[in-house]
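Have a look at the structure below before the remarks.
Read-outs throughout are calculated quantities, based only on the coordinates presented, and are distinct from any laboratory measurement. Please read all numbers here as calculations on a predicted model, not as lab measurements. Here the Cβ positions follow ideal geometry from the backbone for every residue, glycine too, while neighbour counts run over all protein chains shown.
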Amino acid sequence: MKATSSRRQIIVFVLLILALAGAAIRQWADNPSVERDIGTLLLVLWLPIIGNVVAYVIVRVQSARRARRTGGFDPQAPFTPHLLVEVTPVDPVRPALPPLSDAERNCTLVIGNEGFTARADLPLVQWLTAGEARSVALQLLRPALALPRLPAGAAFSLLAGRSVAAGGRVLQVNDWNKRTG
């Protein structure tokens, strides 16, 4: 049986009621008695749930922070290229692309263990399925962070979704973007 969020909420609610019942039993039972020990046991059953509640709150805070941080590109903003790159699909005969919409232009450039969000001037499907090396203009989401790591000649992997779709290297960096940020 799979534990869903609603089932977890029911379990937490039931254990909370048992803990309150245990507190009431401890309050009214004689000090050295079996009833008081049962009340203590019911209170102790609540302790493992506290860890789950704390973990739930931490995950919620992290996901809210992540959602705020990854705003993405403004679809209304004009395309301003920061880089000209040469991209070669990993498998030129049959590229193993994740399901992408025909209009998807966002990708991630990975150097070592760092990833930089970028968008292309053309949809990814259009140039990744061509099966050959191709020059592509890319706009970086945060050029101030990415440009120092992407000088001319730098090699990178290109992720489409969560899959490595291509390898590439930087051909040209637009100098005017370094001045304007």
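What nm distance separates the two modelled labels at ALA133 and VAL14, each placed 7 Å from Cα along Cα→Cβ?
Rounded to a tenth, the inter-label distance reads 6.4 nm.
Subtract the Cα-Cα distance of LEU47 and PHE73 from 0.36 nm times their separation in residues, and report this length gain in nm to one decimal. Walk me through the numbers on the way to the answer.
Values: separation 26, 0.36 × 26 = 9.36 nm, distance 4.43 nm.
Extra length available between LEU47 and PHE73 comes to 4.9 nm.
Here are some values of Rg/Rh (Cα atoms, Kirkwood Rh): [x] 0.93; [y] 1.32; [z] 0.97. Which one was computed from this structure?
It is the value labelled [y].
Would you work out the Kirkwood radius for region 5-69? I mean one over the mean of 1/r across all pairs of different Cα atoms, in Å. Don't jump to the answer; show the numbers that get you there.
On the way: mean 1/r = 0.0741 Å⁻¹.
About 13.5 Å for region 5-69.
Of the residues PRO89, PRO143, PRO32, which exhibits the maximal mean-square fluctuation in a Gaussian network model of the chain defined by a 10 Å Cα contact cut-off?
With Cα springs under 10 Å in the chain, the top fluctuation among PRO89, PRO143, PRO32 is at PRO32.
Say R0 is 22 Å: what FRET efficiency, to the nearest 0.05, do ASN113 and ARG142 get from their beta-carbon distance? Mind dumping the intermediate values first?
Numbers: r = 17 Å, r/R0 = 0.76.
In this case the efficiency is close to 0.85.
Between VAL34 and GLN126, how many nm apart are label points set 7 Å from Cα along the C-beta direction?
Taking the simple label geometry, VAL34 and GLN126 are separated by 8.0 nm.
Tabulate in residue order the Karplus-calculated ³J(HN,Hα) for region 118-133, using 6.51 cos²θ - 1.76 cosθ + 1.60 with θ = phi - 60°, rounded to whole Hz; enter x for Gly and Pro.
Values per residue, Gly and Pro as x: 9, 10, 9, 6, 10, x, 4, 4, 5, 9, 7, 8, 5, x, 9, 4 Hz.
Eigenvalues of the Cα gyration tensor times 5, then square-rooted: what semi-axes does that give for region 119-161, in whole angstrom, largest first?
On the way: eigenvalues 85, 31, 17 Å².
Ellipsoid half-lengths, sorted descending, are 21, 12, 9 Å.
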